[in-house]
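Asks: Input: one structure, supplied below.
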Amino acid sequence: MNPFTFNTSKSIQFGVGALGRIGELVKDQIGSKVMLVTDPGMMTTGIVDQALDTLKASGVSVELFNYVAADPPEEIVLQATAQARDAGVEGVIGLGGGSALDVAKLVALLAPGQEALKDVYGVGNAKGPRLPLILVPTTAGTGSEVTPISIVTTGANEKMGVVSPVILPDIALLDPQLTYGLPPNITAATGIDAMVHAIEAYASASPNNNPVSRMLATQALTLMGRSILKAVHEGTDTEARSDMLLGSMLAGQAFANSPVAAVHALAYPLGGHFHIPHGLSNALVLPHVLRFNVVTSPQPYAELAPYVFPDLARFEGQERAAAFCDSLAELSGACGLQPNLKAMDIPEDILPKLASDAMNQTRLLVNNPRPVTEADALTIYRAAY
């Protein structure tokens, strides 16, 4: 067995109603003044008010930053960091989807003033120290509450990542109730996103692909495969929502240590240029990247197929891997997601630019089971069109 490293959040607390404990957690483990990082959409749900009331009842003073945008640009991170410093907060809470959690990670890292954002992009460049950090996801998709990764939009449309175990939170607080109100389209896109995390982690060519990540990936796919359609179409089903939130977290733990690959590399330019939600971007290219991969590397996909679609166990080898790709495409459709890039009103003449931009995602492409050239990327985009 090859040597490997596995890192994850220090404490994971899961359960219906878990948000009600956030006040006592902050008081016991952080102090009496925190910044809560969230977004404008969350402010309309009542969840932020619930958190604020719980914190106030525990004697915690809260500095609220609620300006996080999807695919957060650098200026949002810097604005939140400056506010946290000025307020003298003792810790940070991220509450919301992946963007809010990613910004919260960087605020906790940058607020002490030891590092600058421009210096921490890349793998292992963030050294800390950071402020204490609690992350509370309200979507079942990114797994950001257990990943050492924060993605920031730089310039007009390019994304860069800060990757370091330093930004893993002290506590990941998961409450399935917080996902009940997610609309079907967001439930679907974030759910497919989480499944992509598990699939790519399992098949990753990273030298740190490891038995722990693979085990977590299969468990994540078992939970999500049996529940995603019910979560999409029956959004208040507690068991389905619990399966999706736990599955998303397990997939996050998996890919945090066995990194994702070409699906994400090709999804990022779609988000950068057209502001397509990250989960939907992944769903649009997923079956086409996998069809490309199974030509030379069918085994991991053949192994995974029955965890998501038990009936595929009747096939073997390459046939099972191919059926897995087809079934994933059908699942996206059954969830109500758009079937192709054309349906997203993406002009066909931009596909070469998308392929060129995808080549910048070297951190991800190196993990793909089959090498991807720019010509390959263009072929995949055309297949997805």
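Asks: Given charges of +1 on the Cβ of Lys and Arg and -1 on the Cβ of Asp and Glu, with all other atoms neutral, how large is the dipole of segment 226-385 about its Cα centre, in debye to the nearest 20?
Replies: On the way: 11 positive and 16 negative charges, 46 e Å.
Charge dipole, segment 226-385, about its Cα centre: 220 debye, nearest 20.
Asks: Taking every pair of alpha-carbon atoms in segment 184-384, what share in percent sits in each 10 Å bin, from 0 to the bin with the longest distance?
Replies: 10, 38, 39, 13, 1
Asks: Of 254, 185, 380, which is farthest on the positive side of the dipole of segment 184-384, counting Cα position, with +1 on Lys and Arg Cβ, -1 on Asp and Glu Cβ, and the Cα centre as origin?
Replies: 254
Asks: Then there's this: Would you calculate a helix-derived [θ] at 222 nm for the chain, using -39,500 (n - 2.57) for each DSSP H run of n ≥ 4 and dividing by the full residue count, to the nearest 500?
Replies: Values: 16 runs with 198 residues, N = 385.
Calculated mean residue ellipticity at 222 nm is -16000 deg cm²/dmol.
Asks: For the ranges 271-280, 38-47, what's the packing order if you count other beta-carbon atoms within 10 Å of each residue, average per peptide, and put the highest first? Don't skip to the answer; put the middle values down first.
Replies: Values: 271-280: 20.6, 38-47: 16.7.
Highest mean packing first, the order is 271-280, 38-47.
Asks: Go ahead and set up a Gaussian network model of the chain, Cα springs under 10 Å, then flag whichever of 187, 81, 362 fluctuates most.
Replies: Of 187, 81, 362, the most mobile in the Gaussian network model is 362.
Asks: Could you tell me which of rounded, prolate or oblate describes segment 300-385, using a ≥ b ≥ c as the square roots of the eigenvalues of the alpha-carbon gyration tensor, with rounded for a/c under 1.5 and, failing that, prolate when a/b is larger than b/c and oblate otherwise? Please list the in-between numbers first.
Replies: Values: a/c = 2.73, a/b = 1.46, b/c = 1.88.
Verdict is oblate for segment 300-385.
Asks: What order, most packed first, do the peptides 217-227, 373-383, 89-99, 288-298 have when packing is the mean number of other Cβ atoms within 10 Å of each residue?
Replies: Numbers: 217-227: 23.3, 373-383: 17.4, 89-99: 26.9, 288-298: 20.4.
Top of the packing list down: 89-99, 217-227, 288-298, 373-383.
Asks: Moving to a separate point now. Taking a ≥ b ≥ c as the square roots of the eigenvalues of the Cα gyration tensor of segment 153-295, is the shape rounded (a/c under 1.5), prolate (a/b larger than b/c) or oblate? Write down the numbers at each step before the final one.
Replies: Working: a/c = 1.36, a/b = 1.20, b/c = 1.14.
Rounded, because the longest to shortest axis ratio a/c is under 1.5.
Asks: Run the simple label-point estimate for residue 12 and residue 75 please: 7 Å along Cα→C-beta, distance reported in nm.
Replies: Computed distance between label sites residue 12 and residue 75 equals 3.8 nm.
Asks: Same structure, new question: Could you give log10 I(q)/I(0) at q = 0.09, 0.12 Å⁻¹ for the chain, computed by the Debye formula over C-alpha point scatterers of equal weight, without solvent?
Replies: -0.47, -0.86
Asks: For segment 1-20 and segment 25-95, write down the distance between their C-alpha centroids in whole Å.
Replies: 22 Å
Asks: Same structure, new question: Among 269, 141, 131, which residue has its Cα positioned farthest towards the positive end of the charge dipole of the chain, with +1 placed on the Cβ of Lys and Arg, -1 on the Cβ of Asp and Glu, and the dipole taken about the Cα centre?
Replies: Of the listed residues, the answer is 131.
Asks: Something else: In nanometres, what is the gap between the two model label sites at residue 29 and residue 64, each 7 Å from Cα along Cα-to-Cβ?
Replies: 2.4 nm
Asks: Taking the dipole about the Cα centre of the chain, with the C-beta of Lys and Arg at +1 and of Asp and Glu at -1, give me whichever of 307, 202, 91 is farthest to the positive side.
Replies: The residue sitting farthest along the positive end of the dipole is 202.
Asks: Taking 0.36 nm per residue of separation and subtracting the Cα-Cα distance, what length does fully extending residue 121 through residue 340 add? Spell out each step's value before the answer.
Replies: Working: separation 219, 0.36 × 219 = 78.84 nm, distance 3.18 nm.
Separation in residues times 0.36 nm, less the Cα-Cα distance, equals 75.7 nm.
Asks: Write down, largest first, the equivalent ellipsoid semi-axes of segment 11-179 in whole Å, where each equals the square root of 5 times an eigenvalue of the alpha-carbon gyration tensor.
Replies: Numbers: eigenvalues 107, 57, 44 Å².
Here the semi-axes work out to 23, 17, 15 Å.
Asks: Going through the DSSP H helices of the chain, which span 27 Å or more along their own axis at the Cα atoms while scoring at least -0.5 as a mean Kyte-Doolittle hydropathy? Display every interim value, and only then the final one.
Replies: Details: long enough: 184-203 (28 Å, 0.60); 211-233 (34 Å, 0.55); 238-257 (29 Å, 0.18).
What comes out of the filter, once short or polar helices are dropped, is 184-203, 211-233, 238-257.
Asks: Using Cα pairs under 8 angstrom and six or more residues apart, how large is the relative contact order of segment 184-384, in percent?
Replies: Working: 322 pairs, mean separation 55.3, N = 201.
In percent, rounded to a whole number, it is 28.
Asks: Taking the alpha-carbon centroid of each part, what is the distance from segment 112-188 to segment 307-385 in angstrom?
Replies: A separation of 25 Å, based on Cα centres.
Every read-out reported here was derived from the displayed coordinates using simple, explicitly stated rules and does not represent laboratory data. Predicted, not measured: the structure shown is a model, and the values here were computed from it. Virtual Cβ from ideal backbone geometry, glycine too; neighbours counted across all protein chains shown.
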